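The structure appears right after this line, and notes come after that.
Derivation of every value follows stated rules applied to the coordinates shown; laboratory data play no part. Quantities reported herein were computed from a predicted structural model and do not represent experimental measurements. Glycine also receives a Cβ, built like all others from the backbone with ideal geometry; neighbour counts cover every protein chain displayed.
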Amino acid sequence: MSSDHLVIFDTTLRDGEQSPGASMTRDEKVRIARQLEKMRVDVIEAGFAAASNGDFESVRAVAEAVKDSVVCSLARANENDIRRAGEAIRPARAGRIHTFIATSPIHMEKKLRMSPEQVLEQAVKAIGWAREFTDNVEFSAEDAGRSEVDYLCRIFEQVIKAGATTINVPDTVGYNMPDQFASLIRTLIERVPNSDQVVWSVHCHNDLGLAVANSLAAVNAGARQVECTVNGLGERAGNASMEEVVMAVRTRKDFFPVSTRIETSQIVPASKLVSQITGYPVQPNKAVVGANAFAHESGIHQDGVLKHRETYEIMRAEDVGWSTNRLTLGKLSGRNALRSRLQELGIVIESEEQLNAAFARFKSLADKKQEIFDEDLQALMSDDTAPPREHYKLVSLRVSSETGEVPSAGITLTVDGSERSGEAPGSGPVDATFKAIEAIVGSQAQLLLYSVNAITGGTDAQGEVTVRLSKGDRIVNGQGADTDIIVASAKAYVNAVNRLFSGVERVDPQDGTV
Ligand code: KIV
Ligand code: ZN
């Protein structure tokens, strides 16, 4: 790879998934991975294979599906994690194991309870185990941003000798300032004697809103891989946002001595897909992918852009994939038209039954809504990505809401195949609907978030609802879309309850054990 190629390592499916409630099913991960591949991301971190059987299966499914990007699994620096990662990436055309251990004094002493010498020894062993599976091995020094430089130099020199091919320097807690982080990267590259044998990588968190700034400063100091996520999703305040890093480097070619191979017109579709699957909406003023990123409100700006676009625009909306809502299909479109449009959107239909079910949903939507856009199709297909076992299913909903009267809802669900009905009053129709569902399911979960987005414009647009529920130590998101937002709300609540009861147990990658 040439020295001016910047490797884009996307960790939406791993660090992004560590956002509360953002956990994804295997099929959802495969859909996102296909979109990342279409966008020509170099490396896709598909998950943390040792976290659970579900995570293992997801990494394996991504490894089977993706051909053009390297597929990577995270692994703590222990033999079991590394073997699980190695097995999971086995089907990949090109696979990578990413192993990590903490190197800061606070993490080594308080979390790992290991001495620096023990950590170094474990890291070197980890590289040896990983090399049994692949010669593409990445090593991360967790909390490098708060680690001692001398110690980082020692551990990096040893893991490179042991066979690591990428060295990642994470600012795990988002503590660094751009100049300081750039100087850390520069020092490491200068002082580690075998630094020229590896690609230097950075992984910045956004706790002080500096993840992108720190990553870009590191690029100018010699880093040639940036770890990032779509929409900046990730643990706590998130990771560096992929679209911002890519567009900064592309827009300021005069400033950065690197280029990426990203197909930028796939950025907005990727952002929408990730937002829709995780239920994390994109704030309107978010750079590049926010709804207002290319909207000019003030008259002076509008006038300027009409006269000459570059007066107020440094990027072109179409270059990042913004297009005016594309009318795709209508009431008279047939099954094949639906299949081929879904294919173009990166949604693979695997069986005739799946196509029939999608077509039935498409027809019923077309009865309610004259024009069907790509975004509608994406929402329609998200109904197909239900949790593995759909315990509860919405059958029908009746809501009454009238000025001066107490709103009420009556709902019928199937519970493992048999019908059950519930009724409840509420402070509004949505509240009544949720209470009626609770009368049947009795989850007693706490509602953390309720949000509605219009998928396209117009009063006949589908509303896409996200519901976030918490129960015990689990947080889940549910989504539902419909032209009737009360029905969309009911679907989203039922979807979240199903996820709550799917009971996936996982190990946290940052739980401290090696
Ligand atoms: O933030 C972090 O340090 C990580 C590592 C596992 C790379 O996510
Ligand atoms: Zn991280």
Trypsin sites (Lys or Arg not before Pro) restricted to region 107-157 and DSSP loop, no more than 13 other C-beta within 10 Å: 113
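Mind checking Rg over Rh on region 430-470, alpha carbons, Kirkwood formula for Rh?
1.09
Enumerate by residue number the GluC sites (Glu not before Pro) in region 274-321 meeting two conditions: DSSP loop (anything except H, G, I, E, B), and at most 12 other Cβ atoms within 10 Å of the site's Cβ. Before the final figure, lay out each step's value.
Values: sites: 297, 310, 313, 318; in loops: 297, 313.
When the GluC sites (Glu not before Pro) of region 274-321 are filtered for loop state and at most 12 Cβ neighbours within 10 Å, 297 remain.
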Distance histogram for region 167-252 (every C-alpha pair counted, 10 angstrom bins, percent rounded to whole numbers): 20, 53, 24, 3
Tilt relative to the chain, helix 211-220 - C-alpha long axis, 0 to 90 degrees, to 10: 40 degrees
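Please list, by residue number, every one of the chymotrypsin sites (Phe, Trp or Tyr not before Pro) in region 244-317 that is coil in DSSP and has at most 11 other beta-carbon atoms within 10 Å. If you can, show how the numbers build up before the last one.
Numbers: sites: 255, 294, 312; in loops: 255, 294, 312.
Here the chymotrypsin sites (Phe, Trp or Tyr not before Pro) that fit, given the DSSP loop and packing criteria, are 255.
Send over the Kirkwood Rh of region 200-324, from the inverse of the averaged 1/r over different Cα pairs, rounded to one decimal Å. Display every interim value, and only then the final one.
Working: mean 1/r = 0.0650 Å⁻¹.
Kirkwood radius, region 200-324: 15.4 Å.
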Distance cut-off 30 Å, percentage of C-alpha pairs in the chain lying past it: 51 percent
Three principal axis lengths of region 91-149 [C-alpha, angstrom, descending]: 39, 20, 19
0 to 90° range, to nearest 10: angle between helix 429-441 axis and the chain longest Cα axis: 80 degrees
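Take the alpha carbon gyration tensor of region 96-253, find the square roots of its eigenvalues, order them as a ≥ b ≥ c, and report rounded if a/c is under 1.5; if not, report prolate when a/b exceeds b/c, else oblate. Please list the in-between numbers first.
Working: a/c = 1.63, a/b = 1.41, b/c = 1.16.
In terms of gyration-tensor shape, prolate.
Given the peptides 459-472, 360-373, arrange them by the average over their residues of other C-beta atoms within 10 Å, most packed first.
Values: 459-472: 19.4, 360-373: 16.0.
Averaged packing, sorted descending, gives the order 459-472, 360-373.
Quick one: which of 270-281, 221-232, 175-186 comes out on top by average Cβ neighbours within 10 Å, and what's the full order, highest first? Provide the component values of the computation, followed by the final result.
Numbers: 270-281: 23.0, 221-232: 26.5, 175-186: 19.0.
Highest mean packing first, the order is 221-232, 270-281, 175-186.
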C-alpha long axis of helix 267-278 to longest principal axis of the chain, angle in °: 70 degrees
Rg ratio (alpha-carbon, reference 2.2 N^0.38 Å) - region 155-214: 1.17
